[in-house]
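Please treat every number below as a calculation from the coordinates, not as lab data. The structure presented is a predicted model; accordingly, all values stated were derived computationally and were not measured. In this analysis, Cβ positions are derived from the backbone assuming ideal geometry, glycine residues included, and neighbour counts consider all displayed protein chains.
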Amino acid sequence: MDLDELLLNRRQLEDVRLALRERIGQGLAVDGEEIRALLTYLPPPHGQPTGRVVVVDCGGTNQRAATVDLDNRKIESGPFEERVRDGRDLPVSADEFFDSQAALVARLSPPPGCNVGYCFSYPAQVMPNRDATLIRWTKGVHVTGVEGEPVGAALARAMRRAGLEPGEIRVLNDTVASLLAGALTHPDHDDFVGLIVGTGTNSAGFLPLDMIPKYRGDLTGKMAVNLESGNFSPPHLTAADEAVDRNSDNPGLQRLEKAVSGHYLPYVFEQCVPGLTGFDPRAGTGPLVDLRANRPESLEGKAASRVLARSADLVAACLAGLIDCFPGQGSVGILAEGSTFWKDPHYPDRVGETLQALLGERKFAILRANEANLMGAACAAGLPLT
C-alpha cells in the first residue's frame, strides 16, 4: 500500500474529532450506541476524599491488593500480588476467583468496615450503588458463574468467608481509575481525561449530568463517564485497517483500538510491509520503535514511523473530540496510561503537538501518576455515595 495513506492531514483529523464528538453525544443520549458512554455514578473528587481504604486491582494477568492512606496520598501496605485465577488451564469457579482476591486482602489485616475500591478491568455495567455487573469476560479469562452478576457483592461475600468485615465496595475499571487518579493528584485543572493506550485503548471524562439525557437520577454536578472509546469507528481508515479488522476475532468492532493500540499496530505494519524476515506481530510495538530508530530510510523503517505517528495523531484527534464536550475553556489534565503511550519516546510529544494544533490556545497537560489503578480505586472508595 501507499504509505502516504497513513498520513492524516488537518482536515482529516478534524473529521475524526467531529465524528467522535457526535457519537459521544449519541452514547450519552441512549444505551447501546457505538460509544457506550457507561455511567459510573462517581463524581470528581472535590473535597479531597480522606481516610484509609482497601484497594483490589484485578486485570488481565495479575491481581493486587493494598491499603491506601488518602490523607497522605500514599500506599500504606502492600500491594500484595499474584496471578489471576483465570480458568485458562483448569476450571475456576466464581467462589475460587473471588476467594483468591479476598485472601490477598486478608494479608493486609484491614479494620472492620473499611471501604474497598475494586478496579475490575473487564466490561461491566456500573449500578447506582457503585457495584457493577460483568457484561462479558475478556483477556482470556473464563470463570463460570460471574457474567451478569454483581462483582462487588461477590467480592464482599468472599471477604466475609475470609473472616473480614468489608464496608462499601465501589467498582470501576482502569480507565476510570486513571481519570480519578489524575483528578486526585493534580487538582489544579478544570477538566480531566483518563486515557489508556496500551494493549487496548479507552478514555473517560467527567461530564455535566445535564448533558447526559439517559441519566434519570437526581444527582447534580458532574459524573465520570467511561466512553469505551476503543469501539469508535473513525473516518479515513485504510485498506490495511480493513484487512486487520477482517482477520480479527471481532470484525466490525473496536475499530479505533485496531488502528492505535499496541496489540494491533504490528498487524497494521505487517499489511504495509508483508513478509518482512524475522518480524513477529505478536511481539508488540517494541520492534516498530526499533525499526524506526535503526532503519529510518528503509521501507520498513518508514512504515513503522508512519504507523506509530498515525496512532498518536488519531489519539490526539479523539482527545480533542472528548475535550470539545467539556463546557467552557478551562485547562484540561490528561492522565495517560499504557505501554504504547509511554514506551515509545516520541509518542507523548506527537500526541501533545497534534492536540495543541487542534485545540489552539486551550491549555492542557499530559500527566502521569504512580500506581494510577490503585490510587484511582482508593479515590472511588473514599467518595461519598451522594
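Can you give the charge dipole size of the stretch 36-182 about its Cα centre, rounded to the nearest 20 debye, using +1 on the beta carbon of Lys and Arg and -1 on the beta carbon of Asp and Glu?
Once rounded to the nearest 20, the dipole reads 180 debye.
Using the Cα centre as the reference, give the magnitude of the dipole from point charges on the C-beta atoms of the stretch 287-340 (Lys, Arg: +1; Asp, Glu: -1; all else neutral), rounded to the nearest 20 debye.
For this selection, approximately 160 debye.
Using a cut-off of 12 Å between beta-carbons, work out the net charge of the residues near Lys363 (Lys and Arg +1, Asp and Glu -1, Lys363 not included).
Neighbour charge sum, excluding Lys363 itself: -3.
Peptides 24-37, 181-194, 243-256: what's the order by average Cβ count within 10 Å, highest mean first?
Ranking the peptides 24-37, 181-194, 243-256 by packing returns 181-194, 24-37, 243-256.
Taking the Cα centre of the chain as the origin, how large is its charge dipole in debye, to the nearest 20, when only Lys and Arg (+1) and Asp and Glu (-1) carry charge on their Cβ atoms?
In debye, rounded to 20, the chain gives about 380.
Could you tally the net charge around Val351, taking each other residue with its Cβ under 12 Å from the Cβ of Val351, Lys/Arg +1 and Asp/Glu -1?
That works out to -2.
Please arrange Glu96, Glu22 by how many other C-beta atoms lie within 10 Å of their C-beta, fewest to most.
Glu22, Glu96
Could you work out the relative contact order of the stretch 120-269? I mean the mean sequence separation of Cα pairs under 8 Å and 6+ apart, divided by the number of residues, in percent.
Contact order relative to length: 16 percent.
Once the Cα atoms of helix 299-323 and of the chain are each reduced to a long axis, what angle between those two axes, in degrees from 0 to 90 to the nearest 10, is obtained?
50 degrees
Which whole-angstrom value gives the distance between the alpha carbon centres of the stretch 205-252 and the stretch 253-279?
If you average the Cα positions of each part, the centres end up 21 Å apart.
If you rank Arg282, Arg52 by fewest surrounding Cβ atoms within 10 Å, what's the result?
Fewest-to-most ranking of Arg282, Arg52: Arg282, Arg52.
What angle do you read, to the nearest 10 degrees and between 0 and 90, between the alpha-carbon axis of helix 174-185 and the longest principal axis of the chain?
Approximately 80 degrees, to the nearest 10.
Can you return the lysines within cross-link range of Lys222? Criterion is Cα-Cα under 16 Å, with same-chain partners fewer than 8 residues away left out.
Answer for Lys222, where 16 Å is the Cα cut-off: Lys214, listed by chain and number.
Can you tell me the order of 312-323, 81-92 when each peptide is scored by its average per-residue count of other Cβ atoms within 10 angstrom, highest first?
Peptide ranking by packing, descending: 312-323, 81-92.
Which shape class applies to the chain: rounded if a/c is under 1.5, otherwise prolate when a/b exceeds b/c and oblate if not, where a ≥ b ≥ c are the square roots of the Cα gyration tensor eigenvalues?
Note, shape of the chain comes out prolate.
Among Asp57, Asp218, which comes first, then next, by fewest other beta-carbon atoms within 10 Å?
Least to most surrounded, the residues fall as Asp218, Asp57.
Tabulate in residue order the Karplus-calculated ³J(HN,Hα) for the stretch 121-134, using 6.51 cos²θ - 1.76 cosθ + 1.60 with θ = phi - 60°, rounded to whole Hz; enter x for Gly and Pro.
Coupling constants for the stretch 121-134: 8, 9, x, 8, 9, 6, 9, x, 7, 6, 7, 8, 9, 5 Hz.
Provide the packing ranking of 196-206, 299-309, i.e. peptides ordered by the mean count of other C-beta atoms within 10 Å per residue, highest first.
Descending mean neighbour count gives 196-206, 299-309.
Taking the Cβ of Asn62 as the center, what net charge do the other residues with Cβ under 12 Å away carry, scoring Lys and Arg +1 and Asp and Glu -1?
Here the count lands on 0.
For the stretch 201-257, which semi-axes, largest first and in whole Å, follow from the square roots of 5 times the eigenvalues of its Cα gyration tensor?
Value: 33, 10, 9 Å, ordered largest first.
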